[in-house]
Amino acid sequence: MNSNRMVVAQRGVIPPPKHYADSAWFKYILSCCAATTAEMVTYPLDLAKTRLQIQGEKGLNGSSQRSPYRGLASTGVGIIREEGMLRLWQGVTPAVYRHLIYSGTRMVLYEKVRDRLFTTRADGTRPVWQAIVGGILVGGIAQFLASPADLIKVQMQMEGKRRLEGHAPRIHSAGEAFIKIYNAGGLRGLWKGCMPNVYRSAFVNLGDLTTYDSVKRYFVNTWALSDDYWTHALSSACSGLIGATMGTPVDVVKTRVMNQPTDDRARGLLYRNSLDCLLKTVHNEGFWALYKGFIPCWLRMGPWSLTFWLTYEQIRNLSGTSAF
């Protein structure tokens, strides 16, 4: 199916060529495949971002981490030199698990909400405020469901750094991390840092999913651009920048809340809650500490969005599914 046929099919003039192509379960699988591809390609940037967000954080004794990294490049080089090349993908397994829940849920839910509840104008565009509400809603729901996998990912990402600082290893695998977290805090412990995670996802989806959908429809319906690679690339570039700008502060809070040590009741020893973490971070390190890791976050979200949307749109095309 060419790009023009995809646009026509999307508007309902011709039916999809295969009976299963537009089913929710099939779109779920396609979105998981696209998200896994994007995650594997850009994961080292996520690891660097997490390390940068933690540096400068004051511990239980009031002291900050030693030997902070100095930017994205030196962070990556430092990880390779001190821990090895493969450590750039440390924690990628739970990251993929997360997207098997998160990306599939958010993409299917958003499309269902958009097609059934959004208002469609005569020119094919939809009100931006509806896209904003839809993006925030589905992002929060999807991230809540995937929060345990995100918690495991963050803790695994920090293991290499902890060992270099002389701390005993906490975990060696995603399965071990899951069991230890569950044994320490039960089901509640698996959702540690859940709320900043949900807030972050809501903002990121507002920037990523909502921006991509709105910008792409504007290009196709108003500027009469073809629904092709170039339109997908331009739309994803916009979504990556807006998503990183809106999501980085909440991502910093989420990372610190998830990485902090806990007591025997799964309560944090550094921060009482997300607001407490936000206030302490600004007080101890200044407002711009909320944007630690912004460059790798942006550099990751840009390629991630580009890889995801190009992959997703093309496999939908090849599978006979209507364009997003």
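From the list GLY268, GLY293, which residue is small (Gly, Ala, Ser), over 23 Å from ALA131 (Cα atoms), under 16 Å from the mean Cα position of the chain (by Cα) and surrounded by 16 or more Cβ atoms within 10 Å (Cβ to Cβ)?
Numbers: GLY268 fails: under 16 Å from the mean Cα position of the chain (by Cα).
From the options GLY268, GLY293, the qualifying one is GLY293.
Cβ contacts < 9 Å: first residue surrounded by fewer than 13 Cβ atoms within 10 Å (Cβ to Cβ), restricted to the range 271-283; second residue not basic (Lys, Arg), any location; separation 6+ or different chain. Result?
Here the result reads LEU275/VAL253, each pair linking the range 271-283 to a residue that is not basic (Lys, Arg).
How do the pairs read when you match residues in the range 259-270 that are closer than 19 Å to GLY91 by Cβ and at pLDDT 75 or above with residues anywhere that are surrounded by 15 or more Cβ atoms within 10 Å (Cβ to Cβ) and aromatic (Phe, Trp, Tyr), using Cβ under 9 Å and keeping only pairs 6 or more apart or on different chains?
GLN260/TYR271
Which of the residues that make up the range 196-243 are out of contact with any helix residue (DSSP H, G or I) (no Cβ under 8 Å at 6 or more places or on another chain) and assigned to a helix (DSSP H, G or I)? Walk me through it before giving the result.
Step one: list which residues in the range 196-243 are out of contact with any helix residue (DSSP H, G or I) (no Cβ under 8 Å at 6 or more places or on another chain), which gives 217-218, 221-224, 230.
Once the filter is applied, which keeps residues that are out of contact with any helix residue (DSSP H, G or I) (no Cβ under 8 Å at 6 or more places or on another chain) and assigned to a helix (DSSP H, G or I), the range 196-243 yields ARG217, TYR218, ASN221, TRP230.
Somewhere in the range 51-69, is a residue charged (D, E, K, R), modelled with pLDDT of 75 or more, within 23 Å of the chain's Cα centre (by Cα) and closer than 25 Å to THR262 by Cβ? Give the derivation first.
In the first step, residues of the range 51-69 are kept if they are charged (D, E, K, R); the result is 51, 57-58, 66.
Restricting the remaining residues to those that are modelled with pLDDT of 75 or more gives 51.
Now restrict to residues that are within 23 Å of the chain's Cα centre (by Cα): 51.
Within this subset, residues satisfying the condition of being closer than 25 Å to THR262 by Cβ are 51.
Within the range 51-69, one or more residues are charged (D, E, K, R), modelled with pLDDT of 75 or more, within 23 Å of the chain's Cα centre (by Cα) and closer than 25 Å to THR262 by Cβ.
Would you check which residues across the range 108-161 are crowded, with 16+ Cβ neighbours inside 10 Å and basic (Lys, Arg) and list them?
ARG114, ARG126, LYS153, LYS161
Does the range 168-175 contain at least one residue that is under 17 Å from the mean Cα position of the chain (by Cα) and either in contact (Cβ under 8 Å) with a residue 24 or more places away in the chain or on the phi < 0 side of the Ramachandran plot (or both)? Full working, then the answer.
Taking the range 168-175 and keeping what is under 17 Å from the mean Cα position of the chain (by Cα), we get none.
No: zero hits.
The values are calculated or read from the model by the stated rules, or taken from the named source; none is laboratory data. Keep in mind it's a predicted model, so treat the numbers as computed, not measured. We place every Cβ from the backbone using ideal geometry, glycine too, and count neighbours over all the protein chains shown.
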